[in-house]
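Q: Next up is a structure, given as structure tokens.
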Protein chains: 2
Amino acid sequence: MLKYQQIASDIERYIEENALQQGDKLPVLEALMARFEVSKSTITKSLDLLEKKGVVYQVRGSGIFVRRHKRKGYISLLSNQGFKKDLEGFQITSKIIEFDVRKPTQEAADNLNISQEEDVYYVKRVRYINGQTLCLEESYYSKSIITFLNKEIVSESIFDYIREGLGLNVGFSDIYLQAGRLNEEEAGYLGLEKGFPKFYVETLFHLTNGQPFDFSKVTYNFEQSQFFIQANGPL
Amino acid sequence: MLKYQQIASDIERYIEENALQQGDKLPVLEALMARFEVSKSTITKSLDLLEKKGVVYQVRGSGIFVRRHKRKGYISLLSNQGFKKDLEGFQITSKIIEFDVRKPTQEAADNLNISQEEDVYYVKRVRYINGQTLCLEESYYSKSIITFLNKEIVSESIFDYIREGLGLNVGFSDIYLQAGRLNEEEAGYLGLEKGFPKFYVETLFHLTNGQPFDFSKVTYNFEQSQFFIQANGPL
DNA sequence: AAGTGGTCTAGACCACGTG
DNA sequence: ACGTGGTCTAGACCACTTG
């Protein structure tokens with residue numbers, strides 16, 4: 001692991017273990033340089049990483065401070081895939097509705113940047129949180145990149161498998177959000193009524209080299225789902 | 001303006017002017033160093049900034065590439081306040097419903113981290129996009145930070161005024177999202193029916209020094225609003 | 001004025017991808 | 001093997017905040 005990543009994770013753990021709150025001050029740069037025995041740039045890089053993650057904010061002339069929102073039970077839209085309802089204590093399970101290899105829809109092919117002749121793995125599943133329906137998810141995985149999937153993998157964490165099993169590096173993603181009304185099928189799977197509101201998210205995941213490998217369409221049970229984003233400054 | 005910011009904006013303009021597409025390759029680091037006559041770290045910092053903004057992605061051993069999603073007409077949730085429906089051509093107007101100085105609600109005071117005795121500016125307005133209702137917005141501004149507001153400012157861009165008029169630096173924000181159902185009042189302002197879906201967003205804006213100064217509650221017309229986020233890698 | 005974070009440099013060395 | 005981006009250093013100087 002790289003120095004700056006290790007330091008960032010050490011600092012993050014330190015904040016966690018000491019239950020530091022929003023606005024609490026961290027040691028000054030000089031102290032951190034000495035503590036970790038690295039140059040200023042390395043510490044700076046660690047802190048920039050933590051700032052990007054929304055863990056700290058740095059104020060010139062003043063110090064380095066902990067950033068921590070107060071609300072609990074929100075799903076982070078940025079800490080890519082793998083939910084992680086804030087501070088855990090939430091049990092996520094899945095039921096597979098469909099799983100096969102097929103030709104993609106026009107829409108999926110367009111997003112994945114492949115032709116409709118190429119194979120994709122198709123996964124449709126309902127996800128539950130503490131026993132309640134959380135969402136209905138349909139995903140298309142480029143078979144040319146995700147060369148193998150099976151039911152066992154699909155019922156667990158697909159992304160862990162992609163990283164560890166296939167050795168691929170997940171990079172950036174484009175996320176599209178909107179509200180709408182449940183159709184009959186969605187309502188059925190989520191145990192709600194047709195016409196109820198839905199929180200609808202499409203995500204296109206890319207590898208670090210820019211290749212799109214997963215296009216997902218997710219319909220959330222609006223009663224179970226609250227999301228949050230930590231944004232950084234007017235870019 | 002700092003070198004790395006200037007370079008970043010030059011590169012961004014270059015991409016814009018030449019209408020580069022997703023996956024198009026930019027000149028290599030060496031070339032950029034020579035072109036802008038700066039050190040490697042400075043170029044790197046510029047590119048990191050652009051990567052954070054979702055404008056490029058960098059692949060070690062391969063190159064620097066343009067990142068550009070295809071969909072048009074989506075509102076960016078990250079390019080903080082000031083909407084900017086993608087690639088413009090959209091006219092945003094506002095109608096003020098209420099504007100005054102008052103004591104905050106418990107909720108607003110909690111979020112702004114002030115007592116209920118302190119004054120806030122309260123603004124309630126409906127925003128329109130191309131003549132259609134876009135959203136109903138309620139905002140609370142800490143009067144101790146935003147020392148002055150008036151109707152003229154409120155009907156234009158409040159954030160521009162905060163930056164230029166007051167000389168304050170807008171920093172990070174916490175954004176909370178959910179779907180729900182319109183109540184009677186919201187439906188009225190948006191010209192929809194009670195019980196229809198809504199896309200609901202609360203945002204807490206902070207200055208760069210960490211002080212919260214604006215708590216906003218926004219109810220979007222679900223028919224007019226699609227949002228997107230460009231996320232970067234599993235943090 | 002002192003303290004603290006931010007920018008920028010020049011250069012060594014490393015790690016990943018491609019041909 | 002080579003090209004390309006990434007990490008890390010040591011140090012000079014700058015800019016904002018606080019007392």
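The values are calculated or read from the model by the stated rules, or taken from the named source; none is laboratory data. Being a predicted model, the structure only gives us computed values, none of them experimental. Quick reminder, even Gly has a Cβ in these numbers, built from the backbone with ideal geometry, and neighbours come from all protein chains shown.
Q: Can you tell me which residues in the range B:191-210 are over 15 Å from residue A:222 (Cβ atoms), outside any strand (DSSP E or B) and within 12 Å of another protein chain (Cβ to nearest Cβ)? Before the answer, list the steps.
A: The initial filter retains those residues of the range B:191-210 that are over 15 Å from residue A:222 (Cβ atoms), namely B:191-194, B:202-210.
With the extra rule that they be outside any strand (DSSP E or B), the set shrinks to B:191-194, B:208-210.
B:192, B:193, B:208, B:209, B:210, listed by residue number.
Q: Which is surrounded by 14 or more Cβ atoms within 10 Å (Cβ to Cβ) and touching a residue at least 40 places away in the same chain (Cβ under 8 Å), of A:197, A:212? If you could, list the steps in order and put the result at the bottom.
A: Numbers: A:197 fails: touching a residue at least 40 places away in the same chain (Cβ under 8 Å).
Exactly one residue qualifies, and that residue is A:212.
Q: Would you say residue A:99 is within 16 Å of DNA strand D (Cβ to nearest atom) and either more than 9 Å from every other protein chain (Cβ to nearest Cβ) or surrounded by 15 or more Cβ atoms within 10 Å (Cβ to Cβ) (or both)?
A: Details: within 16 Å of DNA strand D (Cβ to nearest atom): no; either more than 9 Å from every other protein chain (Cβ to nearest Cβ) or surrounded by 15 or more Cβ atoms within 10 Å (Cβ to Cβ) (or both): yes.
No, not satisfied.
Q: Can you name every residue in the range A:96-119 that is β-branched (Val, Ile, Thr), in contact (Cβ under 8 Å) with a residue 40 or more places away in the chain and closer than 13 Å to residue A:143 by Cα?
A: Step one: filter the range A:96-119 for residues β-branched (Val, Ile, Thr), giving A:96-97, A:101, A:105, A:114.
If we keep only those that are in contact (Cβ under 8 Å) with a residue 40 or more places away in the chain as well, we get A:96-97, A:101.
Correct list: A:101 only.
Q: What number of residues within the range B:60-76 are within 11 Å of DNA strand C (Cβ to nearest atom) and among the basic types (Lys, Arg)? Break it down stepwise before answering.
A: Going through the range B:60-76, the residues within 11 Å of DNA strand C (Cβ to nearest atom) turn out to be B:60-63, B:65.
Retained after the next criterion (residues that are among the basic types (Lys, Arg)): B:60.
Of the residues in the range B:60-76, 1 are within 11 Å of DNA strand C (Cβ to nearest atom) and among the basic types (Lys, Arg).
Yes or no, residue by residue, for (1) more than 8 Å from chain B (Cβ to nearest Cβ); (2) modelled with pLDDT under 95; (3) in a loop (DSSP other than H, G, I, E, B); (4) over 26 Å from residue B:221 (Cα atoms):
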site: A:118; (1), (2), (3), (4): yes, no, yes, yes
site: A:124; (1), (2), (3), (4): yes, no, no, yes
site: A:128; (1), (2), (3), (4): yes, yes, no, yes
site: A:137; (1), (2), (3), (4): yes, no, no, no
site: A:185; (1), (2), (3), (4): yes, no, no, no
site: A:188; (1), (2), (3), (4): yes, no, no, no
site: A:214; (1), (2), (3), (4): yes, no, no, yes
site: A:220; (1), (2), (3), (4): no, no, no, no
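Q: With respect to the numbered conditions (1) under 14 Å from residue A:234 (Cα atoms); (2) within 9 Å of chain A (Cβ to nearest Cβ), which one is the sole condition not fulfilled by residue B:168?
A: Every listed condition holds for residue B:168 apart from (2).
Q: Report, by residue number, each residue of the range A:159-168 that is assigned to a loop (DSSP other than H, G, I, E, B) and in contact (Cβ under 8 Å) with a residue 40 or more places away in the chain. Write out each step before concluding.
A: Residues of the range A:159-168 assigned to a loop (DSSP other than H, G, I, E, B): A:166-168.
Within the range A:159-168, A:168 is the sole residue that qualifies.
Q: So, of the residues in the range B:62-84 that are modelled with pLDDT of 90 or more and under 19 Å from residue B:135 (Cβ atoms), which turns out to be surrounded by the fewest Cβ atoms within 10 Å (Cβ to Cβ)?
A: Per the criteria, the residue is B:76.
Q: Could you list, in sequence order, the residues of the range A:28-53 that are of a type in the set (Asp, Glu) and either touching a strand residue (DSSP E or B) at 6+ places or on another chain (Cβ under 7 Å) or under 29 Å from residue A:76 (Cβ atoms) (or both)? Can you show your working first?
A: To start, the set of residues in the range A:28-53 that are of a type in the set (Asp, Glu) comprises A:30, A:37, A:48, A:51.
Result: A:48, A:51.
Q: Sort out for me the helices (runs of 4 or more DSSP H) sitting completely within the range B:1-59 that have 3 or more residues that are near DNA strand C (Cβ under 9 Å from one of its atoms) and within 12 Å of another protein chain (Cβ to nearest Cβ). Walk me through how you get there before you give the answer.
A: Values: elements: B:3-17, B:29-36, B:40-53.
Here the list reads B:40-53.
Q: Hey, does the range A:173-191 have a residue that's out of contact with any Leu (no Cβ under 9 Å at 6 or more places or on another chain), farther than 17 Å from residue A:124 by Cα and crowded, with 20+ Cβ neighbours inside 10 Å?
A: yes
Q: In addition: Check whether at least one residue in the range A:37-49 is touching a residue at least 12 places away in the same chain (Cβ under 8 Å), surrounded by 13 or more Cβ atoms within 10 Å (Cβ to Cβ) and closer than 27 Å to residue B:203 by Cβ, and report yes or no.
A: Restricting attention to the range A:37-49, the residues satisfying the condition of being touching a residue at least 12 places away in the same chain (Cβ under 8 Å) are A:38, A:42-47, A:49.
With surrounded by 13 or more Cβ atoms within 10 Å (Cβ to Cβ) added as a condition, the list becomes A:38, A:42-47, A:49.
Checking which are closer than 27 Å to residue B:203 by Cβ leaves us with A:47, A:49.
Among the residues of the range A:37-49, at least one is touching a residue at least 12 places away in the same chain (Cβ under 8 Å), surrounded by 13 or more Cβ atoms within 10 Å (Cβ to Cβ) and closer than 27 Å to residue B:203 by Cβ, which makes the answer yes.
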